[in-house]
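Structure record follows, encoded as structure tokens.
The values are calculated or read from the model by the stated rules, or taken from the named source; none is laboratory data. Note that this is a predicted model, so its numbers are computed, not measured. Note that we place each Cβ from the backbone using ideal geometry, even for glycine, and neighbour counts take in every protein chain shown. Just so you know, the surface numbers come from the protein's heavy atoms only, side chains and all, with ligands and any DNA or RNA stripped out. Shrake-Rupley method; radii C 1.70, N 1.55, O 1.52, S 1.80 Å.
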Amino acid sequence: MSRRTRTADVLVVGAGPAGLAAAARLAAAGAGRVEILEREQQPGGIPRHCHHGGFGLRDLRRPMNGPQYVRHLVDAAVRAGADLRTGVTVTGWAGSRTVDTTSPAGLERITARAVVLATGARERPRSARLVPGTRPAGVLTTGELQQAVHLHGQRVGSRAVVVGAEPVAFSAVGTLRAGGVEVVAMVTDQARPPQTLLRGIPLLTHATVTGLTGRGRLTGVGLRHRDGRTTTVGCDTVVFTGDWIPDHELARRGGITLDPGTRGPAVDAAFRTDESGVFAVGNLLHGGERADTAAEEGRHAAGPVLRHLAGEQWPTTTLPVQVEWPLCWAAPNIIDPDGPAPRHGRFTLRTSRTLAGPRLVVTQDDQVLHRQRLLRPAVPGGRALQLRADWISGVDVRGGPVLIAAY
């Protein structure tokens, strides 16, 4: 089959909140032909099947559920003039800003002046978590659960265990209840959850899943507790929540450098990767952040994209930003000394361990650049840590990586 070749000014890959918001801002600003490619048949990413509230509060200042939020973002992008195409899969790269696609309409090769990767993130499934045991029915991620209940109206089970206690776990509980399922326990390996418990649902902390039982249908979830005890919770459904993995396959195939902490593309404060003309935004950079945070990043990235289209030089001298355990990652994770400051003048950090009043220390080549005490405790899955960025001016562009530690 022949491949049709054509061009666009900006190609946005992914029609989740970040991609839609970036495309809307770019089209409204006169960036030329702005095209959004989405492999699913419906745009919106994860929020399109999240029927709980809490969307739109931060960026739009009004409460919405997921589908309402998606409709707003889609309307804004299309109204601004962006071309939204669903059912189109990008299969690879044919050049630095040229991608190959496939769709029911055929094969295409599209070259753009700028490419914005907004391919999002997904929850790690049971198989990737290396949970041993049988392979019965009734094992889901939150996304699979929400699609089954809200999109397809399916009955998923009668008694469920939710693995995880991050905000997305509470969304899973709400979906299970909406589907008529009793939640018999929430399980976390952390000492305490990042948000208020739900009444009537036992929370098992310091507990890890050791296996699944049941043939044909799940009958129980095996647990190991901190004191060494092992127990089994009877259930016919288990939902694995959180533990996000950036959908970075396209970035990886393009040879774009990935950050070892986020596992998404490494970017500077202008959302620029190490490939000239290729930007990355949203949860591709740091899976699991709120939808409105991803959308805000998409809007913020429009400025750097417009400057690139106007001929701004791509950075050639950058420094990586690395973190020490228990910090998981920092975003942005590249410093361009001549580039803009991070969004809101801050770096975003995540921790893998609860820290009470943590002290953040930034160093380069054993020289301290910055110290900062945080008043709030840092909790895995809770509120992100915010590190001021006013120390960037003190970075030695000829020095080694910048290191962020928490004590």
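With all protein chains present and a 1.4 Å probe, how do C328, C235 order by accessible area, largest first?
Numbers: C328 50, C235 10 Å².
Descending order: C328, C235.
Looking only at D259, D75, D366, which one moves most when the chain is put into a Gaussian network model with springs between Cα atoms under 10 Å?
It is D366.
Please report, in debye to the nearest 20, how large the charge dipole of the chain is about its Cα centre when each Lys and Arg carries +1 at its beta carbon and each Asp and Glu carries -1 there. All intermediate terms of the calculation are to be shown ahead of the outcome.
Numbers: 49 positive and 35 negative charges, 215 e Å.
The dipole magnitude comes to about 1040 debye.
Set the Förster distance to 35 Å, then compute FRET efficiency between R58 and R215 from the Cβ-Cβ distance, nearest 0.05. Kindly include the intermediate steps, with their values, before the conclusion.
Values: r = 46 Å, r/R0 = 1.31.
Efficiency for this residue pair is about 0.15.
What number, in percent, do you get for the relative contact order of the chain if the mean sequence gap of Cα pairs under 8 Å and at least 6 apart is divided by its residue count? Present the calculation step by step, with values, prior to reporting the outcome.
Details: 1006 pairs, mean separation 62.9, N = 407.
Relative CO of the chain lands at 15 percent.
Sort 132-139, 369-376 by packing, meaning the average of other beta carbons within 10 Å per residue, with the highest value first. Walk me through the numbers on the way to the answer.
Numbers: 132-139: 15.1, 369-376: 13.5.
Most protected by this proxy first, the peptides run 132-139, 369-376.
If I model a spin label as a point 7 Å beyond the Cα along the Cα-Cβ vector, how far apart are those points for R346 and N65 in nm?
Taking the two extended label points, one gets 3.1 nm.
Given a cut-off of under 8 Å on Cα pairs at least six residues apart, what relative contact order in percent is computed for segment 286-355? Could the numbers behind the result be given before it?
Working: 54 pairs, mean separation 18.6, N = 70.
Value for segment 286-355: 27 percent.
Between I245 and T7, 0.36 nm times their residue separation minus their Cα-Cα distance comes to what? Please report the intermediate quantities before stating the final value.
Details: separation 238, 0.36 × 238 = 85.68 nm, distance 3.10 nm.
Contour length minus Cα-Cα distance gives 82.6 nm.
Under a crude label model (7 Å from the Cα following the beta-carbon direction), how far is R177 from S158 in nanometres?
2.1 nm
List the residues whose amide H sits under 5 Å from the amide H of L369, counting only those 5 or more places along or on another chain, with H placed 1.01 Å from N in the peptide plane.
So L369 has HN proximity to V362, T363, Q364.
Mind checking segment 32-124 for trypsin sites (Lys or Arg not before Pro) that DSSP puts in a loop (not H, G, I, E or B) and that have at most 11 other Cβ atoms within 10 Å?
Details: sites: R33, R39, R48, R58, R61, R71, R79, R85, R97, R109, R113, R122; in loops: R33, R39, R58, R61, R97.
Those satisfying the criteria are R61.
So what does I36 come to for accessible area, using a 1.4 Å probe and Å² rounded to 10?
0 Å²
If packing is taken as the average number of other Cβ atoms within 10 Å across a peptide's residues, how do 224-230, 260-266, 319-325 rank, most packed first?
Working: 224-230: 10.3, 260-266: 22.7, 319-325: 17.9.
For the peptides 224-230, 260-266, 319-325, the packing ranking is 260-266, 319-325, 224-230.
Across the Cα atoms of segment 292-407, what radius of gyration and what greatest pairwise Cα-Cα distance (Dmax) are found, in Å?
15.0, 46
Need one value: the accessible area of S2 in square angstrom, 1.4 angstrom probe, rounded to the nearest 10.
100 Å²
Taking K and R as +1 and D and E as -1, what net charge do the other residues with C-beta under 11 Å from the C-beta of P136 add up to?
Values: positive: R126, R135, R215, R217; negative: D236.
Surrounding charge for P136 is +3.
As a test of understanding, state the convex hull volume per residue of segment 100-250 from its alpha carbons, in Å³. Please report the intermediate quantities before stating the final value.
Working: hull volume 23.4 nm³, N = 151.
In segment 100-250, the Cα convex hull volume per residue is 155 Å³.
Tell me, what is the FRET efficiency for S127 and A405 to the nearest 0.05, using R0 = 51 angstrom and their Cβ-Cβ distance as r?
Values: r = 34 Å, r/R0 = 0.66.
Result of the calculation: an efficiency of 0.90.
If we count every other residue with Cβ under 13 angstrom of L349's Cβ, Lys/Arg +1 and Asp/Glu -1, where does the sum land? Provide the component values of the computation, followed by the final result.
On the way: positive: R346, R350, R353, R359, R376, R383, R388; negative: D259, E289, E324.
That sum, taken over residues with Cβ under 13 Å, equals +4.
Using modelled backbone amide H atoms (1.01 Å from N, in-plane), which distant-in-sequence or interchain residues come within less than 5 Å of A137's amide H?
G216, R217, L218
Using the basic label-point model (7 angstrom from Cα toward the beta carbon), what is the R224 to D189 distance in nanometres?
1.0 nm
Grab the other residues whose beta carbon is less than 12 angstrom from that of E182, score K and R as +1, D and E as -1, and report the net.
Details: positive: R159, R177; negative: D236.
Counting the neighbours of E182, the net charge comes to +1.
Compute the convex hull volume of the Cα atoms of segment 23-112, divide it by the residue count, and report the result per residue in Å³ as a whole number. Can you show the working numbers first?
Working: hull volume 9.8 nm³, N = 90.
Cα-based convex hull of segment 23-112, divided per residue, equals 108 Å³.
Using a 1.4 Å probe on the protein heavy atoms, what percent of the accessible area of the chain belongs to carbon and sulfur?
On the way: 8670 of 18090 Å².
Here it works out to 48 percent.
Roll a 1.4 Å probe over the protein chains and send me the accessible area per residue for the chain in Å². Let's see the in-between values first.
On the way: 18090 Å² over 407 residues.
Per residue, the chain has 44 Å² of solvent-accessible surface.
Could you work out the pair-distance distribution P(r) of segment 72-120 from its alpha-carbon pairs, with 10 angstrom bin width and percents rounded to whole numbers?
Per 10 Å bin, starting at zero, the Cα-Cα P(r) for segment 72-120 comes out as 22, 48, 29, 1 percent.
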